[in-house]
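Since the structure comes first, as structure tokens, the remarks are kept for the end.
The values are calculated or read from the model by the stated rules, or taken from the named source; none is laboratory data. The structure displayed is predicted, hence computed values, not measured ones. Here Cβ is always computed from backbone atoms with ideal geometry, including for glycine, and neighbour counts include all displayed protein chains.
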């Protein structure tokens, strides 16, 4: 079983919809990261969370440490949000700063 | 622009050839990493360097070697390329912060390597 599980694997939405991507992990962690990978392949860090909630523009990330679960929400989705969203945890079975990644969620937002 | 620079962006090798992927960061980060990304799998750590002068194996180190040349540069070498090493390779860096957390994870743009 992977240490980091994301759902759904694929998600198609209409422009304007509210989107939620989930991430569950099975080990103790020091932090959780949400990353975005665009079709060109570049990876951008969106959030790093160790507790609570963070917001940046239309993106909101939450984490529940007790339940070992995090969600990434996108409000008022737009076609430019189409990308792969990746959850990664820091700590856990590995030590220090190394990240363990989920397989990613492919999001497609149609106009 | 500040960030992580990887070269080359694309490379095709024949089985048995060798090559070195270069990575440099200008953010004064202590930690650097090499990951590979394969279809249907999350990124997997090949090697990492917690600080200048140290390197450690990650999850999939076989067939690779690394050199932390200085604080800025961390190279990945394939001594004898195999088709199983066909992948997209990402270099990344980060910096330690308070509370044993690491900040500023920054990724390079990736190297798409094909071994035929």
Go through (1) part of a loop (DSSP other than H, G, I, E, B); (2) at pLDDT 95 or above; (3) away from every other protein chain (no Cβ under 14 Å) one by one and return the number of the condition residue B:21 breaks. (1)
Checking A:100, A:105, A:75, A:94 in turn, the sole residue that is over 14 Å from residue A:18 (Cα atoms) and at pLDDT 95 or above turns out to be A:105
Return only the number of the condition from (1) over 10 Å from the mean Cα position of the chain (by Cα); (2) closer than 25 Å to residue A:5 by Cα that residue B:35 does not satisfy. (1)
Just one of the numbered conditions (1) within 11 Å of chain B (Cβ to nearest Cβ); (2) at pLDDT below 95 is not true of residue A:66; which one? (1)
With (1) surrounded by 14 or more Cβ atoms within 10 Å (Cβ to Cβ); (2) without any contact (Cβ under 8 Å) to a residue 24 or more places away in the chain as the list, and residue B:47 as the residue in question, which single condition is left unmet? (2)
Among the residues of the range B:52-80, which ones are in contact with a helix residue (DSSP H, G or I) (Cβ under 7 Å, 6 or more places away or on another chain) and part of a strand (DSSP E or B)? B:78
Close pairs from the range A:88-108: first more than 10 Å from every other protein chain (Cβ to nearest Cβ) and within 12 Å of residue A:27 (Cα to Cα), partner modelled with pLDDT of 90 or more and crowded, with 21+ Cβ neighbours inside 10 Å, Cβ under 6 Å, at least 6 apart: A:89/A:4; A:89/A:25; A:89/A:32
